[in-house]
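Below is one structure, written out as structure tokens; comments come after it.
The values are calculated or read from the model by the stated rules, or taken from the named source; none is laboratory data. Fair warning: this is a prediction, and the values are worked out from it, not measured in the lab. As a convention, Cβ positions derive from the backbone with ideal geometry for all residues, glycine included, and neighbour counts pool all protein chains shown.
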Amino acid sequence: MKKILIILSFFSIYNLSAQSTNQNKFRQLYDLLATPNSYRTAGGAPGHKYYQNNAHYVMNLTLNDQEQKITGSETITYVNNSPDNLEYLWIQLDQNVRSKTSDSYKVSTGDINSLSDRSFRRMFPTFDGGFNITSVTDKNGKNISYSINKTMMRINLDKPLLSNESFELSIDWWYYVNERSKIGGRSGFEYFKEDDNYLYTIAQFFPRMCVYNDVEGWQNKQFLGSGEFTLPFGNYQVNITAPANHVVSATGVLTNPDEVLSETQIERLNKAKNEFTDPVFIVNEKEAIKNEKSQVKSMKTWKFKAENVRDFGWASSKKFIWDAMTVKQNSKDVLAMSFYPKEGNPLWEQYSTKAVAHTINSYSKYTFDYPYPVAISIHSKSIGMEYPMICFNGGRPDSDGTYSERTKYGMISVIIHEVGHNYFPMIVNSDERQWTWMDEGLNTFLQFLAEKEWDYNYPSRRGPAYKIVDYMKGDKSNISPIMTNSESIHQFGNNAYGKPATALNILRETIMGRELFDYAFKTYSQRWMFKHPTPEDLFRTMEDASAVDLDWFWRGWFYTNEHVDISIDKVIPYKINTNNPAINKLATKEKDDKIKSNDISNQRNKDVQTYIQTDESLNDFYNSYNRYEVTEREKKKYANFLKNLSKENKALLDADYFFYEVSFTNVGGLVMPLILEFKFKDGSSTLKRIPAEVWKSNNFNITKVFGFEKELDSIVLDPYLETADTDLNNNSWPAVYHPSTFELFKEKSRWQSMKENNPMKQKNKK
């Protein structure tokens, strides 16, 4: 019994402590944000001591198309711009996630019903696609001591790398390329059985320097598959040797077109550099089909150069069609290009390169001019992945050339999204290993803006507030706050893409307004171009550049899994008491008459003869007294009342206002503005926007009075579905109910639906 008392006492103390701690949803974020310093300011800008290290690469790569093997030799020059002396260097070996002993296989979870072909392979991995490191040497050719810890490699320096000094090392390696459809992954090959050809989309294929910064020191989180990559900026010179009939595309500019392209292809490429409306074919479909049937033993080396990029990706296939056009910007022109097999047509030749061009135009408007010389879209089935200047995109029509509307817009969306990643995180270089939402969420938001600028009726999946409702009102045990590490997220797409994109759209449309938001967002983008921002830098800049306190918004939307559900609980109408006895007594009479007529006893006693009806001696003054008649004394009192009224109060009295006391409850916990549409008896309406600070004194229950010159007919909360309110049944007065639907028959899978909903195919069948 004594133990129980002690435990109860502990919980009592805990509860008292919690109650005495400020839990107001409008408290500032000092308890959650890192302290500003000389590296990162309180306003969200890089500080006067901000630094970042650099890594420059020279690489020679060889693609073995018979064995699906890549061999590489790279030289890294690492520049230590930090104020610290570095005792060792860390390198990412992301390809080791494909090792048979990878932790990514070991940590995967799911019940028996979740097992698929791919998950079975993950249980019993047979493919070994990890790095084979054959040599690590310094600039003098001397072997360097190193240690590999799964997807990380430590370079053991003989002496510390001093501040403002550089270190050069060379690494030789090789690995087998994974077949993406069977094993998965962001990089890999697609095999075309019909013509026995391969299409390679290659990335995270080389040992890459980790970031060392003022926030975490060395980035040292293992790569498990979800959290992507944070990398230092640098320059790249890359030579890719591939079969001579392959067309190769990569990050950067092709520096030896005379050695790998025909005169006709060079002529077409030069024409594309002056074409701003329609793409020019450098390799057309007829030529690509002929090329994919060819067999050669010779090799060609394609040379690429890229400056101030954080990564490098490339693609190679003899199946590629290649088209290009130029995008005109204020600062420089950009060559937009697409590479795709015939299986991508007719969709790809019609939309891909124009989608690339549109993305650059749209994103640049909200951020900064695209700084690189090229932007490339590569087609491979069922993928979407981004790298500097190049991205890999899915969206493939059926074999007969028809496609569903969903396939069409899905392809355009993935191209916009992946090209858009050039801005976030390839240029505004956030740590994806830690915060997926900082690149995916911001990019998905800009993708939504670009989609709506493509077509007003574009069927965007993410961005509008109402699209996130089902997720936010779901089981909280399966919902993570946005500010959750990439590897620990529940419902990856909703958490890292959908919710932050929605939050930014709500900020833009409802909380801040477009002008303030756009200015602040552009400020953040330009402040952190080619730098490494953190969430704090975004949060602080958005406030700093707009003079809008958003701590409550960041706290609610990004640090909790609360949802929006605000209810209209009660509405009580009022009129000003004019003190006019004629009006007041008439109103009293009407009220009394109504009560009497509705009284059930009075209704049933209509035919009952009363005592005073049979005996008139019972009647006195009060039986004939009219209590509703206005007396002379009352008239005089009212006249004196009017005489003593101020001019302002008399005007208020004459206006004959209608007042309504409205009570609200914050059911979901997430405070938001009150957006109220008031509809009047005469058919007119008005909209009132009340800032979220209306909840400052009480985060959960408030009452507010509204006055109008006209009588109200109804009130609707959030009429334009701006706030992601999860329950519309409590958003109206009088109550309006929105019935839910249920599925009578088992729903088909997403992929079945996409295939079956193809009106183009159905029309052709007729």
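What the table below lists for this structure:
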quantity	calculated
Qualifying residue in segment 388-398 (condition: part of a strand (DSSP E or B) and of a type in the set (Val, Ile, Thr))	yes
Single residue of Glu562, Glu590, Glu629 found to be within 33 Å of the chain's Cα centre (by Cα) and of a type in the set (Asp, Glu)	Glu562
From the options Phe339, Phe276, Phe281, Phe304, residue that is outside any strand (DSSP E or B) and modelled with pLDDT of 95 or more	Phe276
Given (1) over 27 Å from Asn235 (Cβ atoms); (2) modelled with pLDDT of 95 or more, number of the condition Lys142 does not satisfy	(1)
Condition met for Thr436 (out of contact with any Cys (no Cβ under 6 Å at 6 or more places or on another chain), closer than 28 Å to Tyr340 by Cα and in the same structural domain as Trp528 (by TED's automatic domain parsing))	no
In segment 464-522, residue nearest to the chain's Cα centre (by Cα) [restricted to those that are aromatic (Phe, Trp, Tyr) and closer than 26 Å to Gln222 by Cα]	Tyr497
Selection within segment 587-643 - of a type in the set (Lys, Arg), under 23 Å from Tyr574 (Cα atoms) and touching a helix residue (DSSP H, G or I) at 6+ places or on another chain (Cβ under 8 Å)	Lys596
Selected residue (only one of Ser338, Ser331, Ser298 is loosely packed, with under 14 Cβ neighbours inside 10 Å and within 28 Å of Thr367 (Cβ to Cβ))	Ser331
Meets criteria (outside any strand (DSSP E or B) and either in the same structural domain as Ser331 (by TED's automatic domain parsing) or modelled with pLDDT of 95 or more (or both)) for Ser377	no
Among (1) without any contact (Cβ under 8 Å) to a residue 60 or more places away in the chain; (2) crowded, with 20+ Cβ neighbours inside 10 Å; (3) under 31 Å from the mean Cα position of the chain (by Cα), the one test that Val309 misses	(1)
Residue match in segment 34-48 (condition: aliphatic (A, V, I, L, M), at pLDDT below 95 and not in a strand (DSSP E or B))	yes
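Residues are listed down the side, and each one gets a yes or a no for (1) at pLDDT 95 or above; (2) more than 16 Å from the chain's Cα centre (by Cα); (3) charged (D, E, K, R); (4) in the same structural domain as Ala375 (by TED's automatic domain parsing):
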position: Ile416; (1), (2), (3), (4): yes, no, no, yes
position: Glu440; (1), (2), (3), (4): yes, no, yes, no
position: Gln447; (1), (2), (3), (4): yes, no, no, no
position: Asp455; (1), (2), (3), (4): yes, yes, yes, no
